[in-house]
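Q: Please see the structure below; I have some questions.
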Amino acid sequence: MGDIRNIVVLTGAGISAESGVPTFRGPDGLWEGHRVEDVATPEAYRRDPDLVLDFYDQRRAKLATVGPNPAHEALGRLDAQWQGELLIVTQNVDDLHERGGAERLLHMHGELKSAWCLACGERHPFDGKMAAYPACELCGVSGQVRPDIVWFGEMPYRMEEIDAAIATCDLFVSIGTSGAVYPAAGFVQSARYAGAETLELNLDPSEGSIFFNESRMGKAGDLVPEWVDGLLD
Ligand code: OAD
């Protein structure tokens, strides 16, 4: 690899798998027993808000029982020590990157621990049960608080910042993502277009594997610390 100063890291569910957070596209194609369309779309929320809110309540509650693994911690070390630009873009809605020490971090698909009030349009930190239809902490209106999660058919967050970071990166690294969901799945091609080196760290080849200069297959908990240690050496 040539001179590397600016790095963009994309992470997906695979980086949290060893922490005990299930991935989306498991062998049975179900997501904790639900079809994705039944819990992760605005239509599902309108049709059956109790089901959708309860689903995310359970996932939020689960965060208290899991912790960051060596892959999250390695990225936290990278963030603390890397002198050049770094942006960690996660598709994950858990908070394990933060708890692993990452700060130059952006949640493009939202966060379990954030609430979005449809009455006032504001977002605020949240750690309770939305199925209890709480009042918005900011405007006081009840029953209008939804998970601050990007559902299918909605726009991912902070795309301009992501595009700008990719356009100037020297290295793009994708970790633990199947490459099945756009726009994240297209980042590797944008990075190559910008002249960056591209590296994939994943358990299996992702759908976009052929676009990477290099693919390393294995568990994130092994591969990410190895890669970070090599870079910081
Ligand atoms: P997926 O479940 O689609 O893919 C997880 C990837 O991680 C797969 O390629 C696995 O092979 C890999 N993997 C599993 N265990 C691993 C391990 N221990 N180490 C390394 N890799 C491992 O999850 P995402 O690609 O994150 O969107 O899914 C993308 C989006 O689809 C999610 O953000 C979510 C979902 O619908 C929204 O909720 C908006």
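The values are calculated or read from the model by the stated rules, or taken from the named source; none is laboratory data. These numbers come from a predicted model, not from an experiment. Positions of Cβ are generated from backbone atoms using ideal geometry, with glycine treated the same way; all protein chains shown enter the neighbour counts.
Q: Quick check on my filter: what residues within the stretch 138-175 are more than 10 Å from the ligand (Cβ to nearest atom), over 30 Å from ASP3 (Cα atoms), among the aliphatic types (A, V, I, L, M) and in contact with a helix residue (DSSP H, G or I) (Cβ under 9 Å, 6 or more places away or on another chain)?
A: Hit for the stretch 138-175 is VAL145, nothing else.
Q: Would you check which residues across the stretch 114-134 are closer than 18 Å to TYR56 by Cβ and surrounded by fewer than 17 Cβ atoms within 10 Å (Cβ to Cβ) and list them? Reasoning before the result, please.
A: The first filter runs over the stretch 114-134 and keeps only residues closer than 18 Å to TYR56 by Cβ, leaving 114-118, 123-134.
Selection gives LEU118, ARG123, HIS124, PRO125, ASP127, GLY128, LYS129, ALA131, ALA132, TYR133, PRO134.
Q: In the stretch 26-47, what residues are part of a helix (DSSP H, G or I) and either at pLDDT below 75 or of a type in the set (Gly, Ala, Ser) (or both)?
A: Once the filter is applied, which keeps residues that are part of a helix (DSSP H, G or I) and either at pLDDT below 75 or of a type in the set (Gly, Ala, Ser) (or both), the stretch 26-47 yields only ALA44.
Q: Let me ask something else about it. Can you confirm whether SER178 is touching a Lys or Arg at 6+ places or on another chain (Cβ under 6 Å) and either among the hydroxyl-bearing types (Ser, Thr, Tyr) or more than 9 Å from the ligand (Cβ to nearest atom) (or both)?
A: Yes; evaluated as a whole, the condition is true for this residue.
Q: Still on this structure, please answer the following. Could you tell me whether the stretch 93-105 includes any residue that is on the phi < 0 side of the Ramachandran plot, touching an Asp or Glu at 6+ places or on another chain (Cβ under 6 Å) and surrounded by fewer than 20 Cβ atoms within 10 Å (Cβ to Cβ)? Before you say what the answer is, go through the steps one by one.
A: The first filter runs over the stretch 93-105 and keeps only residues on the phi < 0 side of the Ramachandran plot, leaving 93-100, 102-105.
From what's left, touching an Asp or Glu at 6+ places or on another chain (Cβ under 6 Å): 93, 100, 102-104.
Checking which are surrounded by fewer than 20 Cβ atoms within 10 Å (Cβ to Cβ) leaves us with 103-104.
The answer is yes, given that some residue of the stretch 93-105 is on the phi < 0 side of the Ramachandran plot, touching an Asp or Glu at 6+ places or on another chain (Cβ under 6 Å) and surrounded by fewer than 20 Cβ atoms within 10 Å (Cβ to Cβ).
Q: Regarding SER206, is this residue within 16 Å of the ligand (Cβ to nearest atom), crowded, with 18+ Cβ neighbours inside 10 Å, small (Gly, Ala, Ser) and assigned to a loop (DSSP other than H, G, I, E, B)? If you could, list the steps in order and put the result at the bottom.
A: On the way: within 16 Å of the ligand (Cβ to nearest atom): yes; crowded, with 18+ Cβ neighbours inside 10 Å: yes; small (Gly, Ala, Ser): yes; assigned to a loop (DSSP other than H, G, I, E, B): yes.
Judged against the criteria, SER206 is a match.
Q: Identify, please: which residue in the stretch 68-82 is away from the ligand (no atom under 15 Å from the Cβ) and in contact (Cβ under 8 Å) with a residue 24 or more places away in the chain and is, among those, surrounded by the fewest Cβ atoms within 10 Å (Cβ to Cβ)?
A: Filtering the stretch 68-82 for residues that are away from the ligand (no atom under 15 Å from the Cβ) and in contact (Cβ under 8 Å) with a residue 24 or more places away in the chain, the one surrounded by the fewest Cβ atoms within 10 Å (Cβ to Cβ) comes out as GLN81.
Q: Kindly evaluate GLY179 against the criterion of being part of a loop (DSSP other than H, G, I, E, B) and crowded, with 17+ Cβ neighbours inside 10 Å.
A: When the stated conditions are applied, GLY179 passes them.
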